[in-house]
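Here the structure comes first, spelled out in C-alpha cells, and everything after it is commentary.
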Protein chains: 2
Amino acid sequence: MASHGARGRSGGRPTLEEVAARAGVGRGTVSRVINGSPRVSDATRAAVEAAVAELGYVPNTAARALAANRTDAIALVVPEPEARFFAEPYFSDMLRGVGAELADSEMQLLLTFAGNARGRQRLAQYLAAHRVDGVLLVSVHADDPLPDLLAQLEIPAVISGPRSAAEALTSVDSDNYGGARSAVEHLLARGRTEIAHITGRLDVYGAQRRVDGYRDALRDAGHETDELLVEPGDFTEEGGRRAMSALLERRPGLDAVFAGSDVTAAGARQVLREAGRRIPDDVALIGYDDSAIARHMDPPLTSVRQPIEEMGRAMIDLLLAEIADRRPAASRGLERRHAVLATELVVRASS
Amino acid sequence: MASHGARGRSGGRPTLEEVAARAGVGRGTVSRVINGSPRVSDATRAAVEAAVAELGYVPNTAARALAANRTDAIALVVPEPEARFFAEPYFSDMLRGVGAELADSEMQLLLTFAGNARGRQRLAQYLAAHRVDGVLLVSVHADDPLPDLLAQLEIPAVISGPRSAAEALTSVDSDNYGGARSAVEHLLARGRTEIAHITGRLDVYGAQRRVDGYRDALRDAGHETDELLVEPGDFTEEGGRRAMSALLERRPGLDAVFAGSDVTAAGARQVLREAGRRIPDDVALIGYDDSAIARHMDPPLTSVRQPIEEMGRAMIDLLLAEIADRRPAASRGLERRHAVLATELVVRASS
DNA sequence: ATCACGTGTGGGAGCGCTCCCACACTACCT
DNA sequence: AGGTAGTGTGGGAGCGCTCCCACACGTGAT
C-alpha cells in the first residue's frame, strides 16, 4: 500500500464541485444555495438541494474559513482557574444563556480558560491567530490587559461588566448598584438598623458597585457610615466565614448582613449559627445571585437575582451584531452598545 | 517593535511567503522551521526564526487545516445536559486531567454538550464535517449510537468506560468492580452484616459493574443475596434521599450503606439523620468518587477514589497516539487499547 | 430596431498553507 | 575519475471553498 496514497481522492468526502456536477450547475450556484443567497431560481435551488442530500455533502470548514476569512466560531473566555468556573453558578448560568441563544446559529462556541500565566499566553497566541470571529469576556478584573488586547487586534468582543471596564468594548452588565440598594432598603424597611456588608472581590467591578449601592442606601436613609460594618470577602464560602467572624468580633450588635454572593452568605450563616445567632430572628441575611444554594439553604435565603442567563443571551446578540457589522466596514454605530439589565430582590425566610 | 512593519500591505497578517522573503529563503524552508522539521541547517533556522519574530508571524490555522487535512483540535463530548456537567465533580476532574495533559500540545480542546436531541443533531453534523481530529467521549449510556457513528466516520476516539461499551473504540476505565468490592469488603471486615447498596444510573456501564462487585463481595463472604438491600439511584442527591427512604422502610435493620456516588451518599446521610440513625455508630456509609463533598461531609465520608484526573490524562495520551497513527495508514496496533486504572478506598470517619 | 436594465448563472482567481519532487552540493566510496 | 549516497533547499501543485466579473438571457422603454 503506497504510504502517500492516504491523500485519497476517491474515498474522501464530496466537494462543492462534485455537487455542482451532480446537479448540472456551476460551483458558484451551489455555493449560493449553501449560503442561502436569494439570487437563485427555485428550480435550480431544488436541484442543488437534491444533489447535496444524495451525496451527503457537508461543507469543508477549513476551506470556507480560508476563502472567506472567517471561522464561524466564537470564544467564551473565562479568565479564571477552571476550579472557580465550576464552583460558581454564575458561569454555568451564563453558559446556559449563551448556549441557548447560539443554538439556532451556525456559530460554534469555544470555552477557553485563561486562569494562569500559561493560559494567558495560549490565549494571546490564539487570538493573534484569529481563530475565532469574536470573543465573549466574562469576569474581567480591574487591571486586566485582555480588553486592550482585543481592541488592538480588532476582534469583535463583548464584555460582561460595566462600560468603564473597557470603554472601547461593547458591554453587558446587570445593575449591581441597584441590586445592592434594593437589598439594603429591604432590610431597612424591616426595621434592621445595624447592617453589615461582606463584599465580593473588590478587583471585580461589580463587587465595587455593590458596595456603592450599600453605602448610598444607608446614607440616603439617614444612617451615618460605619466602615467597621464593611468587611472584604472574595465570593467564596471560606471568605464568608472569615469575614463574618471578623464582623461579629467588631460589631457584635449587628442585626443584618448583606453578603456579596450566596456562597459567601452560606459561609456567613455557618459562623452565625456557631455564634448562637438565629436567622432571621437575631440577624437577617441576604445573598446575591439567587443561585440554587439560596433556595436550599436553611432557612431559605433572600437574594438578589441577577438575570445572568439573559445577560448571556444579550452578550451573544450584541456580539453577533458586531461581527455582522464587520463585513461592510462602515457604520460603526456606537448606539446602545452598553446594556444594563435590571436585578430583582427575591425575598425568602432569611430576612 | 517591528510588528507593525508589514501590516500595511493588504491590511492583513504576514504570510509564510512574506516571512520567506524576509529571511531570504523559500516557502518550503519556512514551513519546515515552523513545523520543527530536523532537515534544516542551524543557520537557516535562526534566520527564519528571526524573521518570524520581526514580523510577528502567526500561522493561518484555516490554511493549514485545508492543506494538511487536519484541524489540530479535539472535542470532549459530554452526552449530558449541561446542568449535570456542572453538578458532578466527575466532569470537572476529568476536564482538569485532560486540560493538563493537553497543555504542552498544540491541540485545542472543544467542549461539546449533546444532552438533548437538538444537541445530538448538531454534534452529528459537526463530526460529519470533520471539524476535529479526534473525540473524547465521556459518560456513555447503554444504547448510545455515538460510538458507532464515530467508528463509521473513522474518527479517532477514546471512550471512558469499559471496553464492552464500544469494542471498536479505544477505552479507558477505572476498576469499578474492584472499587465496589473493596468498599464492601471493608464494611464486612468492620463487622457489618446487613449492607445495602444504592446504585448509580444503571444505564451507565460503570454503575452496573459496581453492583456486580457489591454482589460478588457479599457472595464470596458467604452472605446470601438479598435483593431488597439494593435500591436504584441516579447519582443525584435527591435520588439518594429517595433510595435511602425506601431501604429504611424495607430493611430497617441495615447497618451499612454503600452509595453509588458521594452526592448520593450525601442524600442518604440526610435521611439517615432524620431517621435518628447515627453515622457510623448505627449505620456505616461509604460513597464513591472521593470528591470534595466526601472530605467536607459530617462525618467525613469513606469513599472509593477513582483516578479521574489520571483517566483524563490517559484518554488524551491514547487519543493523540491514535491520531498520530492515522497519518501512515498502517500499523493499526490493537495492543493495549483498553486501559483499566485502579481505584483506592479512602477510609474516613463514616465507616 | 436599439438600448438599458435586472436576474441567474458559470467559472477564473485567489485565500495561505503542506506536500513532495527536483535539484544543487557535499561528502565518501570504488 | 565516476559513482552513490545523504543533506539542505526552492518552488509547483494542489487542498475546497468564496468572491466577483463576465455573460446569457429576459423584459420594458425608447
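The values are calculated or read from the model by the stated rules, or taken from the named source; none is laboratory data. Here the structure is a predicted model, which means the values were calculated and not measured. In this analysis, Cβ positions are derived from the backbone assuming ideal geometry, glycine residues included, and neighbour counts consider all displayed protein chains. SASA here: full protein model, heavy atoms, side chains in, ligands and nucleic acids out. Shrake-Rupley method; radii C 1.70, N 1.55, O 1.52, S 1.80 Å.
Things to note:
- Whichever residue in the stretch A:15-35 is assigned to a loop (DSSP other than H, G, I, E, B) and touching a residue at least 12 places away in the same chain (Cβ under 8 Å) and, among such residues, is farthest from DNA strand D (Cβ to nearest atom): A:Gly24
- Of the numbered criteria (1) at pLDDT 95 or above; (2) surrounded by fewer than 20 Cβ atoms within 10 Å (Cβ to Cβ); (3) of a type in the set (A, V, I, L, M, F, W, C), the one A:Leu187 fails is (2).
- Enumeration of residues in the stretch B:35-80 that are β-branched (Val, Ile, Thr) and within 23 Å of A:Thr61 (Cα to Cα): B:Val58, B:Thr61, B:Thr71, B:Ile74, B:Val77, B:Val78
- From the options B:Pro81, B:Pro14, B:Pro89, B:Pro59, residue that is open to solvent by less than 60 Å² (accessible area, probe 1.4 Å) and away from DNA strand C (no atom under 16 Å from the Cβ): B:Pro89
- When the stretch B:262-296 is filtered for residues that are farther than 18 Å from B:Gly239 by Cα and without any contact (Cβ under 8 Å) to a residue 60 or more places away in the chain, the ones remaining, listed by number, are B:Gly276, B:Arg277, B:Arg278, B:Asp281, B:Asp282, B:Val283, B:Asp290, B:Arg295, B:His296.
- Of all the residues in the stretch A:49-97, those that are at pLDDT 90 or above and in contact with a strand residue (DSSP E or B) (Cβ under 6 Å, 6 or more places away or on another chain) number 6.
- Residues (among the basic types (Lys, Arg) and either in a loop (DSSP other than H, G, I, E, B) or closer than 21 Å to A:Gly267 by Cβ (or both)) located in the stretch A:200-254: A:Arg201, A:Arg210, A:Arg241, A:Arg242, A:Arg250, A:Arg251
- Residue check for A:Arg39: within 10 Å of DNA strand C (Cβ to nearest atom) and either surrounded by fewer than 16 Cβ atoms within 10 Å (Cβ to Cβ) or closer than 23 Å to B:Leu95 by Cβ (or both): yes
- So B:Arg273, is it among the basic types (Lys, Arg), part of a helix (DSSP H, G or I) and under 22 Å from B:Leu187 (Cβ atoms): yes
- Candidate set: the stretch B:133-161, residues that are surrounded by fewer than 22 Cβ atoms within 10 Å (Cβ to Cβ) and in contact with a Phe, Trp or Tyr (Cβ under 9 Å, 6 or more places away or on another chain); chosen: the one modelled with the highest pLDDT: B:His141
- Consider the stretch B:307-335 and keep the residues that are part of a loop (DSSP other than H, G, I, E, B) and more than 14 Å from every other protein chain (Cβ to nearest Cβ). The one that is modelled with the lowest pLDDT is B:Leu334.
- Of residues in the stretch A:113-132 being open to solvent by 20 Å² or more (accessible area, probe 1.4 Å) and facing chain B (nearest Cβ under 9 Å), the one nearest to A:Ser92 (Cα to Cα): A:Phe113
- Within the stretch B:169-195, the set of residues being under 12 Å from B:Ala217 (Cα atoms) and free of Cβ contacts under 8 Å to residues at least 60 places away in the same chain comprises B:Tyr177, B:Arg181, B:Glu185, B:Leu188, B:Ala189.
- Residue count for the stretch A:101-110, restricted to those that are at pLDDT 90 or above, among the hydrophobic types (A, V, I, L, M, F, W, C) and open to solvent by 20 Å² or more (accessible area, probe 1.4 Å): 2.
- Hits in the stretch B:276-303 - residues which are over 21 Å from B:Val184 (Cα atoms) and in contact with a helix residue (DSSP H, G or I) (Cβ under 8 Å, 6 or more places away or on another chain): B:Ala292
- Selection status of A:Ala73, more than 9 Å from DNA strand D (Cβ to nearest atom) and open to solvent by less than 40 Å² (accessible area, probe 1.4 Å): yes
- Of the residues B:Val98, B:Val58, the single one that is away from DNA strand D (no atom under 11 Å from the Cβ) and farther than 30 Å from A:Gly97 by Cβ is B:Val58.
- Those helices (runs of 4 or more DSSP H) lying entirely in the stretch A:36-101 with at least 3 residues among the hydrophobic types (A, V, I, L, M, F, W, C) and away from chain B (no Cβ under 11 Å): A:42-55
- Looking across the stretch A:2-14, the residues that are at pLDDT below 50 and either within 9 Å of chain B (Cβ to nearest Cβ) or in a loop (DSSP other than H, G, I, E, B) (or both) come down to A:Ala2, A:Ser3, A:Gly5, A:Ala6, A:Arg7, A:Gly8, A:Arg9, A:Ser10.
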